[in-house]
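The values are calculated or read from the model by the stated rules, or taken from the named source; none is laboratory data. Keep in mind that what you see is a predicted model, and the values were worked out from it rather than measured. Don't worry about glycine lacking a Cβ; one is built from the backbone with ideal geometry, like all the others, and counts go over all protein chains shown. Surface areas here come from the heavy atoms of the whole protein model, side chains and all, with no ligands, DNA or RNA. Shrake-Rupley method; radii C 1.70, N 1.55, O 1.52, S 1.80 Å.
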Amino acid sequence: MASPVPLKDKKLMEVKLGELPSWVMMRNFTPSGIVGAFQRGSDRYYNKYINVRKGSISGINMVLAAYVVFSYCLSYKELKHERRRKYH
C-alpha cells in the first residue's frame, strides 16, 4: 500500500520506522539547507509561542530553561570535580 504523499515531502512524525533511513538521506545537509532548517524552526517557534494574541511568559521560559540546561551541561565537569571536595 503506497502512500499518496511522496517520502520526500513527508514530515518526520509521518515517516514510518522502516522508511526513516531513506527519509534522512533525502534531507539537505548542505550549509544552506541547515541554515534554512534553523530559520524555519525559529520562525515556527516565534509564531507559536511569542507572536500570539494572548501571549504568556511560557515561550520565554522555555528558552531560559534550555539555556540553563545547556550551561549546566557545559560546566558539569567542573561541578562534578568540586562535588566531593571537603571544605575544612
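Observations
- Top-ranked residue in region 62-88 [being open to solvent by 80 Å² or more (accessible area, probe 1.4 Å) and assigned to a loop (DSSP other than H, G, I, E, B); ranked as nearest to Lys11 (Cα to Cα)]: Arg84
- For region 2-19, a residue qualifies if it is open to solvent by less than 60 Å² (accessible area, probe 1.4 Å) and part of a helix (DSSP H, G or I), and the qualifying residues are Leu7, Glu19.
- Taking the listed residues Gly59, Gly41, the one that is surrounded by 11 or more Cβ atoms within 10 Å (Cβ to Cβ), free of Cβ contacts under 8 Å to residues at least 60 places away in the same chain and within 18 Å of the chain's Cα centre (by Cα) is Gly59, with no other qualifying.
- Per the conditions (1) open to solvent by 90 Å² or more (accessible area, probe 1.4 Å); (2) assigned to a helix (DSSP H, G or I), the sole criterion not satisfied by Phe29 is (2).
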